[in-house]
Amino acid sequence: MVVRGKMEISSSQKGALVAGGAFLAAGIVLSTLVFPFWNLIREDVYEDVVILTNDDGICYVETVDNIPKTIENCTLKPDDKATIKFGEGLAWATIVTP
């Protein structure tokens with residue numbers, strides 16, 4: 001019998017509600033504890049380097065973090081010196097003009 005003004009949800013709807021709540025709680029935990037937002041913001045590093053090679057506009061350099069960097073749209077020649085900027089731990093860089 002249906003009573004006016006009273007609404008009940010079925011067991012499948014309750015299960016879906018619990019699953020949705022668990023999914024939301026897991027998302028909140030992952031976003032705040034496991035993968036904090038500040039990991040997306042990398043510190044910029046500036047370094048003076050020597051161009052190793054220029055392969056059709058893509059230069060390659062070595063940096064102190066031992067991660068080879070690529071620089072696109074590069075017009076420098078091998079053995080030229082340049083100041084580059086890159087994000088900590090990333091494999092690409094840009095040349096900084098003084």
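Values quoted throughout were computed directly from the atomic coordinates according to the rules given, and no laboratory measurement underlies them. Here the structure is a predicted model, which is why all the values come from computation and not from measurement. So basically every Cβ, Gly included, is an ideal-geometry build from the backbone, and we count neighbours across all protein chains shown.
If R0 is 30 Å, the Cβ-Cβ spacing of L40 and K85 corresponds to a FRET efficiency of close to 0.95. Considering only beta bridges that DSSP places wholly inside the stretch 10-98, some 95 percent are antiparallel. In the chain, helices alone account for a calculated mean residue ellipticity at 222 nm of -6500 deg cm²/dmol, with every DSSP H run of four or more residues adding -39,500 (n - 2.57). In the stretch 43-95, the alpha-carbon atoms span a convex hull of 60 Å³ per residue. For the chain, a Kirkwood radius taken over Cα pairs fed into Stokes-Einstein (20 °C, viscosity 1.002 mPa s) yields D = 120 µm²/s.
Can you list the lysines whose alpha carbon is less than 26 Å from that of K14, not counting same-chain residues fewer than 8 positions off? Leaving aside lysines fewer than 8 places away in the same chain, those within reach of K14 are K6.
Helix 11-29: angle to the longest alpha-carbon principal axis of the chain, degrees 0 to 90, nearest 10? It is inclined by approximately 30 degrees. Counting only residues at least eight positions apart within a chain, or on another chain, the aspartates and glutamates with an alpha carbon under 14 Å from that of K81 are E47, D48, E62. Relative contact order of the chain, taken over Cα pairs closer than 8 Å and 6 or more residues apart, is 22 percent.
For the stretch 45-96, the set of GluC sites (Glu not before Pro) satisfying both a DSSP loop assignment and a count of at most 14 other C-beta atoms within 10 Å is given as E62, E72, E88. In straight-distance terms, cross-link reach from K85 covers every one of the lysines whose alpha-carbon lies under 30 Å from its own, apart from those fewer than eight places away in the same chain; here that gives K69, K77.
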